[in-house]
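Heads up, the thing below is written out as structure tokens.
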Amino acid sequence: MLEEIKSLRKAPEEEYYVPGHRTCAGCGPALQYRLVAKAAGPNTIFLGPTGCMYVANTSYGCGPWAVPWIHAQITNGGAVASGIEAAYKAMIRKHKTDAEFPNIIVMAGDGGSADIGLQALSAAFYRGHNILFIAYDNESYANTGIQTSPTTPYGAWTTFSPAGPVIPEGKKLMPKDLPKMMAHGHPELKYLATASLAYPLDLMNKVRRGLNAQGPSFLYVHAPCPKGWSFPADKTVEMGKLAVETGMFQLYELNEGQYKLTYQPKEIKPVEEYIKLQGRFSHLQPEHIQKLQQFANGRLKEVGIEVSVPAQ
Amino acid sequence: MSISPNEVPFAGTVPSPKTENEGMITGSWRTRRPILDADKCTECLICWISCPDSSIKAASSGMEFNLKYCKGCGICNEVCPVGAISLVPELDFED
């Protein structure tokens, strides 16, 4: 059983995601990876389906993990994790190993979870394997040069949704809501939560609760990407905070079917404060910003936060 | 490079690093270096938990930067609640 971390001083000092990786300066996904590894501890196996956190971390013949790590294709993070879990269970049952059952963590991007990797993720959760699946959401396919993914928000510029005279808003579709999809279709699900790297204690505790749940657990982590979203590298944490404070991202958990809001901002700010700092939204006209405000208000209502910024 | 076939790692398996990955030293990326004002620092550990490159450590003498890996992103300067960290252009230093 992993204990609750009460304060930053009580957080483990040891690093299992060590310095020396090729991620960009100020990388949000790298920061959340470090926090996840810290919370999970030494008895952990990481799986890296293709994505930034595979490509940018593995350089020729080396990687930054002090714990075992294995690559999986972008389609099959859930399937490889199921195999590792089943093999450990069988070997422990047949006394072929004296190893303790490890924390099996899949670190998939939004492409490896909400898009290309969705079937393997859903199948693993349907079968009820004891794994923690983390989807770090940087809202694009970033390692191949910022292409649109299903979680890219409305109005964002990507190389596949450029803003121009015909489509002035860039991306036309509203993003997919992966945590709600996972929450309502998988009877074996034990724990589900959303977290943000701007709230490190909350994130680490949710990782621990997920690992303690002894069943399929899903964690959805908001991870701002300075390169893909076009903002300065030092604003990563601020961007994560603003996303929560403007209602573009909501922090909640679902523990054994019990829904709980884990963080409620004191005052909801207009989404404009969040998007004006990002180059990917720089082309938006007022009517597009209103559409994004409507989107944020809708999500806030769904999770039970009072909407205080009206959309026209 | 001459490795006998028996010594080639199985299925691309490579050893895990313990405390740092020397295969990818990133300190040379930095254009601005974080400098700590120890008088202002309250050791609240917010910079330590916010560093994507695990390059800040709480030592007995205060917060320490690991300049071998620090990429100079400046998150530490941004999150510090008392303004104890400043970023100085790398060209101002001789080393």
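Against the main long axis of the alpha-carbon atoms of chain A, helix A:77-93 sits at an angle near 20°.
Pairs from the table (A:K176/A:K276; A:K227/B:K68; A:K291/B:K71; A:K89/B:K57; A:K6/A:K190; A:K38/B:K57) lying more than 26 angstrom apart at Cα are A:K291/B:K71; A:K89/B:K57. In loop segments of segment A:238-299 as defined by DSSP, the GluC sites (Glu not before Pro) with at most 16 further C-beta atoms inside 10 Å of their C-beta are A:E256, A:E267.
Taking one quarter of the surface of the C-alpha convex hull of segment A:161-312 gives a mean projected area of 9.7 nm². The label-point distance for A:A99 and B:E94, in a model that sets each label 7 Å from Cα toward Cβ, rounds to 5.2 nm. Charge dipole of segment A:70-119 (Cα centre as origin; +1 on each Lys and Arg Cβ, -1 on each Asp and Glu Cβ, all else neutral): 340 debye, rounded to the nearest 20.
Projecting the Cα atoms of A:V36, A:N255, A:P162 onto the dipole axis of the protein assembly as shown, where Lys and Arg carry +1 and Asp and Glu carry -1 at the beta carbon, places A:N255 farthest toward the positive end.
Per-residue shielding of A:55-66, expressed as the average number of other chain Cβ atoms within 10 Å of the residue Cβ, stands at 4. Simple rule: put +1 on each Lys or Arg Cβ and -1 on each Asp or Glu Cβ in segment A:154-312, find the dipole, and look at A:G228, A:A296, A:L284; the Cα lying farthest toward the positive end is A:G228. Applying a 4.7 Å Cβ-Cβ cutoff to chain B leaves B:C41, B:C44, B:C51, B:C70, B:C73, B:C80 as cysteine residues with no disulfide-compatible partner.
Of A:P102, A:P150, A:P286, the residue with the greatest mean-square motion in the GNM of chain A, using alpha carbon springs below 10 Å, is A:P286. Here chain A is treated with +1 on each Lys and Arg Cβ and -1 on each Asp and Glu Cβ, and its dipole about the Cα centre works out to around 300 debye. Shown here for chain B: GluC sites (Glu not before Pro) in loop regions (DSSP other than H, G, I, E, B) with at most 15 other Cβ atoms within 10 Å, namely B:E22, B:E43, B:E94. Helix A:28-40 axis versus longest C-alpha principal axis of chain A: approximately 30°, rounded to the nearest ten. Name the most mobile residue of A:T144, A:T152, A:T50, meaning the one with the largest mean-square fluctuation, in a Gaussian network model of chain A with Cα contacts below 10 Å. In the Gaussian network model the winner is A:T144. The GluC sites (Glu not before Pro) of segment A:131-206 that DSSP puts in a loop, and whose beta carbon has at most 15 other beta carbons within 10 Å, are A:E188.
Derived value for chain B: Kirkwood hydrodynamic radius 15.4 Å. Basis is the mean of 1/r over every pair of different alpha-carbon atoms.
Dimensions of segment A:85-190 from C-alpha coordinates, computed as largest minus smallest value along each principal axis and given longest first, are 66, 28, 15 Å. Where does the charge balance sit around A:A86 when Lys and Arg score +1, Asp and Glu -1, over other residues with C-beta under 14 Å from its C-beta? Every neighbour counted, the sum reads +4. Per residue, the convex hull around the alpha carbon atoms of the protein assembly as shown comes to 171 Å³. Peptide A:229-238 shows a mean partner chain C-beta count of 4 within 10 Å per residue C-beta. Dipole check for chain B: with +1 at the C-beta of Lys and Arg, -1 at the C-beta of Asp and Glu, and the Cα centre as origin, the magnitude is about 220 Debye.
Any read-out appearing in this document is the output of simple, stated calculations on the displayed coordinates, not a laboratory observation. The structure displayed is predicted, hence computed values, not measured ones. Methodologically, a virtual Cβ is constructed for each residue, glycine included, from the backbone with ideal geometry; neighbour enumeration extends over all protein chains shown.
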